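Undergrad: To start, I am sharing the structure in question, which I have written as structure tokens.
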Amino acid sequence: QVQLVESGGGLVQPGGSLRLSCAASRSIFSVYALGWYRQAPGKQRELVARGTSGGSTNYADSVKGRFTISRDNAKNMVYLQMNSLKPEDTAIYYCNTVFTVPYSWGQGTQVTVSS
């Protein structure tokens, strides 16, 4: 079973930036699609960004143009660069697979956007 550890969250002002990291306990080279999900208080978890091993990416409309997903297979890492953050981006962010049965969910990393 792969373990996922998210980090990089924090408190940031509206308009600010954060870079989230996700470390996998074993190789992600063969994983077709990986994504970043988020869950805000009282809401369901939603997929906000996904990237495939072929390099294609897809984003939820709410983050398109502001977030960028990337992966480093050599380091077993997945990243999410978040720019122009808004208060509505406040949530716990998780990484996991997309299109397949997910790995066990990590603890996530809290992102709070507030002035």
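The values are calculated or read from the model by the stated rules, or taken from the named source; none is laboratory data. This structure is a prediction, so every number in the text was calculated from the model and none was measured. Virtual Cβ from ideal backbone geometry, glycine too; neighbours counted across all protein chains shown. To get the accessible areas, we keep the full protein, side chains included, count just its heavy atoms, and leave off ligands, DNA and RNA. Shrake-Rupley method; radii C 1.70, N 1.55, O 1.52, S 1.80 Å.
Undergrad: Whether any residue in region 23-37 is touching a Gly at 6+ places or on another chain (Cβ under 9 Å), open to solvent by 60 Å² or more (accessible area, probe 1.4 Å) and over 12 Å from Leu80 (Cα atoms) is what I want to check.
TA: Within region 23-37, one or more residues are touching a Gly at 6+ places or on another chain (Cβ under 9 Å), open to solvent by 60 Å² or more (accessible area, probe 1.4 Å) and over 12 Å from Leu80 (Cα atoms).
Undergrad: Are any residues in region 91-115 in a loop (DSSP other than H, G, I, E, B) and farther than 16 Å from Ala33 by Cα, and if so, which ones?
TA: Gly106, Gln107, Gly108, Ser114, Ser115
Undergrad: Just a yes or no: is a residue in region 36-54 without any contact (Cβ under 8 Å) to a residue 40 or more places away in the chain, farther than 22 Å from Ile92 by Cβ and in a strand (DSSP E or B)?
TA: yes
Undergrad: Can you name the residue in region 87-101 that is polar (S, T, N, Q) and open to solvent by less than 10 Å² (accessible area, probe 1.4 Å) and is also farthest from the chain's Cα centre (by Cα) among such residues?
TA: Taking the candidates together, the pick is Thr97.
Undergrad: I've got another one for you. If I ask for residues that are modelled with pLDDT of 95 or more and either aromatic (Phe, Trp, Tyr) or over 16 Å from Tyr93 (Cβ atoms) (or both), which ones from region 57-74 would you list?
TA: If the condition is that a residue be modelled with pLDDT of 95 or more and either aromatic (Phe, Trp, Tyr) or over 16 Å from Tyr93 (Cβ atoms) (or both), then Thr57, Asn58, Tyr59, Asp61, Lys64, Gly65, Phe67 are the ones that fit.
Undergrad: From Thr97, Thr112, grab the single residue that is closer than 16 Å to Gly8 by Cα and in contact with a Gly (Cβ under 8 Å, 6 or more places away or on another chain).
TA: Result of the check over Thr97, Thr112: Thr112.
Undergrad: Just a yes or no: is a residue in region 49-69 more than 10 Å from the chain's Cα centre (by Cα), aliphatic (A, V, I, L, M) and open to solvent by less than 20 Å² (accessible area, probe 1.4 Å)?
TA: Checking region 49-69: at least one residue is more than 10 Å from the chain's Cα centre (by Cα), aliphatic (A, V, I, L, M) and open to solvent by less than 20 Å² (accessible area, probe 1.4 Å).
Undergrad: Only one residue in Ser104, Ser84, Ser114 is open to solvent by 50 Å² or more (accessible area, probe 1.4 Å), in contact with a Leu (Cβ under 7 Å, 6 or more places away or on another chain), touching a residue at least 60 places away in the same chain (Cβ under 8 Å) and not aromatic (Phe, Trp, Tyr), so which one is that?
TA: Ser114
Undergrad: Okay, moving on. If I ask for residues that are closer than 27 Å to Ser25 by Cα and polar (S, T, N, Q), which ones from region 58-89 would you list?
TA: Answer for region 58-89, where residues must be closer than 27 Å to Ser25 by Cα and polar (S, T, N, Q): Asn58, Thr68, Ser70, Asn73, Asn76, Gln81.
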